[in-house]
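As structure tokens, the structure follows; a few thoughts come after it.
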Amino acid sequence: MLKELSIQELVREVSSPSPAPGGGSVAALAGAQGAGLLSMYCNLSQNRDKLGDIVDMLKKVGEEARFLMTRMLEGIDEDTVAFNQVMEGYRLPKESEADKAKRKKVIQEAIKNAADVPMQIARGSLRVLSLVDEVAGKGNPAAISDLGMANLQARAALIGAYYNVKINLGQLSDKQFIKDYASEADKLLEQGQELYNKNRLVIEQEIQ
């Protein structure tokens, strides 16, 4: 499994001539790193004497961040599996009309799944950005730069996932699926950019 590789091994695998793992898996990794840093910020903000009851909120956010981190780590492999399934569909026989019809159906279903995986990463990344918004400037000020990096990683994950959703939609014939997914992807990107900008202002004010 890709998520079990060392950092060096994974980066080398990404750099290989193989098209997978590619951008979708890297987006998932970025999202996992963003969630991990968010969890770290919350874990470093457990001084009740200084923060009072807000510590309970930070603990709750940290728990959700760890859940999102685990889910997006799984997305590293899921994206590569989805891509490989599409490639397997293209390798199906196409001699007869029945073969062609079956092949087309399999490919289309595989591409839908290949669009769904990064959509889930985009949703998770937006949630990370939302959680950063909840805690920004409320925790340990010494860890604010780590939260800033969480904000950056979650934004990168969202944009990367968005790209992967859109490129897969361009290969589909199901107009309703395309419409629904394109609409959601656009909304996620817009909401994510707004949260990123808001978070950045709070974070950079505290760093100064």
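All of the numbers you see were taken from the coordinates with simple rules; none came from a lab. Because the structure is a prediction, the values reported are computed rather than measured. Here the Cβ is made from the backbone with ideal geometry for all residues, glycine too, and neighbour counts use every protein chain on show.
Here are some notes:
- Lys pairs, segment 24-162 - Cα-Cα below 14 angstrom, 8 or more residues apart or on other chains: 7
- Residues within the reach of a label modelled at Glu74 (point 7 angstrom out along Cα to beta-carbon, backbone nitrogen below 18 Å), restricted to segment 137-165: there are none.
- Cβ-based exposure ranking for Glu64, Glu204, in which fewest neighbours within 10 Å come first: Glu204, Glu64
- Residues of segment 92-132 falling in the label zone of Phe177, defined by backbone nitrogen less than 16 Å from a point 7 Å along Cα to beta-carbon, are 101-120.
- Each listed q (0.17, 0.20 Å⁻¹) maps to a log10 I(q)/I(0) for segment 1-102 from the Debye sum over equal C-alpha point scatterers, namely -0.81, -0.94.
- Each 5 Å bin from 0 upward holds the following percent of the Cα-Cα pairs of segment 21-207: 1, 9, 16, 17, 16, 12, 9, 7, 5, 3, 2, 1, 1, 0, 0.
- For segment 1-50: rounded, prolate or oblate by the Cα gyration tensor [a/c cutoff 1.5]: prolate
- Nitroxide proxy distance, nm - points 7 Å out along Cα→Cβ at Ser130 and Glu184: 1.3
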